[in-house]
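To keep things clear, I will list the structure first and then write my remarks on it.
The values are calculated or read from the model by the stated rules, or taken from the named source; none is laboratory data. Everything quoted here is computed from the prediction, not taken from an experiment. Note: ideal-geometry Cβ built from the backbone for every residue, glycine included; neighbour counts use all protein chains shown.
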Amino acid sequence: MASALVAAALVSRSADWEPVALVGILAAVAVVSDLLVIQTRTLYISGAFLAIVLAMALLGPSSAAAIGGLCTLITVTRRHPSRLLLLNELATYTTFPLVGGLLIREVSHATHLRASDPAFLIVVIAAFAVSMLINFALVARLRTLSDGVTIRARFRTDFLPIWPSELATALLAAGVVWMYTQIGVGALGLAALVLLSFQYLLRELLRSQERAEELEKRGRQLASLHVGVLAAMVQTLSLRDRMTARHSAAVARYSREIARHAGCSREDQELVHTAGLLHDIGKFHPA
């Protein structure tokens, strides 16, 4: 991490921080997107990586590394990771923006490419891919030390399945770069607004789906509890008065059949069946 920060300071140029409005927009998008991160059992979606890649392409390596480090510090306030995990995240989010930004800068200078040139978009996509690999390698290295799973195995299970979606994100990054060269900061601000709005709506949708699944699970648990209590009550009635218990079971069965032939829903049939079982439950009370 320290070496990445020193390298970022050494390669920093005034052009990496201009225009100031662009630096502010990309930093704000990265931070807000990280605050609105979508995290479920199987998903972790944030637009911060996209914002950092845009900083690599439109600003420079030092500003991109600074935005990556800022995102990590914001994450600390929410997740409170261990010291080792914090240092690894700081190293990750300062290293890959630095390397990716330097790659874009050096290739552009060597080939005399400008941001408005179509070939520059290919360089952006390549830098995105390199940054993804560095990000994966640094994160996987720490996890390998903790659980013993090899990086090669993690590459197959964690990286390859998400590569198609990341390729789409790389194309989106290239598209935003092109739009910026054609329209300017205003277009980038509009794109940021759309991205953050989409991320917020998607997060709320996934949360509502998780809540619905949890409610459905609770409903099944309550239904199982209801059946268990009902069975215990009927069993107790049977121990007290076998004739009444058999009568209640017969009434419940006939009532459900009548409800079925009457065209009642399955839920109503079960309700009628329950009522039949319990219609003589008052006999629990001694005469």
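For PRO97, the stated conditions do not hold, so it cannot be described as farther than 20 Å from ILE25 by Cα and under 26 Å from the mean Cα position of the chain (by Cα). Consider the range 100-143 and keep the residues that are over 15 Å from ALA64 (Cβ atoms) and hydroxyl-bearing (Ser, Thr, Tyr). The one that is modelled with the highest pLDDT is THR111.
Within the range 159-192, the only residue that satisfies the criterion of being in contact (Cβ under 8 Å) with a residue 60 or more places away in the chain and loosely packed, with under 12 Cβ neighbours inside 10 Å is GLN182. Here the condition is being assigned to a helix (DSSP H, G or I), out of contact with any strand residue (DSSP E or B) (no Cβ under 8 Å at 6 or more places or on another chain) and crowded, with 16+ Cβ neighbours inside 10 Å; of LEU87, LEU133, LEU113, LEU103, it holds for LEU103 alone.
Okay, residues lined up against (1) surrounded by 11 or more Cβ atoms within 10 Å (Cβ to Cβ); (2) at pLDDT below 75; (3) of a type in the set (Asp, Glu):
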| residue | (1), (2), (3) |
| --- | --- |
| VAL194 | no, yes, no |
| GLN199 | yes, yes, no |
| GLY219 | no, yes, no |
| ALA223 | yes, yes, no |
| GLY228 | no, yes, no |
| GLU257 | yes, no, yes |
| ARG260 | yes, no, no |
| LYS283 | yes, yes, no |
| PRO286 | no, yes, no |
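Contact annotation: residue pairs with Cβ atoms under 8 Å, 6 or more positions apart or on different chains, pairing a residue in the range 252-273 that is within 22 Å of ARG220 (Cα to Cα) with a partner that is of a type in the set (Asp, Glu) and in a helix (DSSP H, G or I), are ARG256/GLU270. Would you confirm, using the coordinates I've provided, whether ILE52 is surrounded by 22 or more Cβ atoms within 10 Å (Cβ to Cβ) and either out of contact with any Leu (no Cβ under 6 Å at 6 or more places or on another chain) or at pLDDT 80 or above (or both)? Answer is yes for this residue.
Can you give me the number of residues within the range 135-147 that are within 12 Å of PHE159 (Cβ to Cβ) and in contact (Cβ under 8 Å) with a residue 40 or more places away in the chain? Count: 2.
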